[in-house]
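Report on one structure; see the data block that follows.
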Amino acid sequence: MVDVSQHELVPEHTVLDEADVEEVLEDYDIERTELPKIRRKDPALPDDAELGDVVQIVRDSRTTDKAVVYRLVIE
């Protein structure tokens, strides 16, 4: 079986700890439930991602070099 998360085109996914989550939510002045969602079954998610976790995704970008987005893990 192929591990999709290791493919070169899949951006880096990192589960944030609670301190980092609080900082992100404060920076954007939002609640956790207002974050865009990602399903737990998404093959790009790290194995340690659990429901309710916030995942940081770092993508390559032509305009800003790196684009950072956040997703809430849902069922």
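Between TYR28 and HIS7, the simple label model (points 7 Å from Cα in the Cβ direction) yields a spacing of 2.5 nm. Most tightly packed first, judged by the mean number of other beta-carbon atoms within 10 Å of their residues, the peptides 39-49, 24-34 read 39-49, 24-34. The simple spin-label model puts a point 7 Å past each Cα toward its Cβ; for GLU18 and ASP47 those points are separated by 2.5 nm.
Seen from all sides and averaged, what is the projected area of the convex hull of the Cα atoms in the range 4-74, in nm²? Could you put the intermediate results ahead of the total?
Working: hull surface 20.1 nm².
Computed as one quarter of the Cα hull surface, the answer is 5.0 nm².
With a Cα-only, solvent-free Debye model of the range 1-40, what are the log10 I(q)/I(0) values at q = 0.32, 0.33, 0.35 Å⁻¹? Debye intensities relative to I(0), on a log10 scale: -1.14, -1.17, -1.21.
Provide the packing ranking of 52-63, 5-16, i.e. peptides ordered by the mean count of other C-beta atoms within 10 Å per residue, highest first. If you can, show how the numbers build up before the last one.
Details: 52-63: 13.9, 5-16: 12.2.
Sorting 52-63, 5-16 by mean packing, highest first, produces 52-63, 5-16.
Throughout, read-outs are computed from the coordinates displayed, never taken from laboratory work. These numbers were taken from a predicted model, which means no experiment stands behind them. Virtual Cβ from ideal backbone geometry, glycine too; neighbours counted across all protein chains shown.
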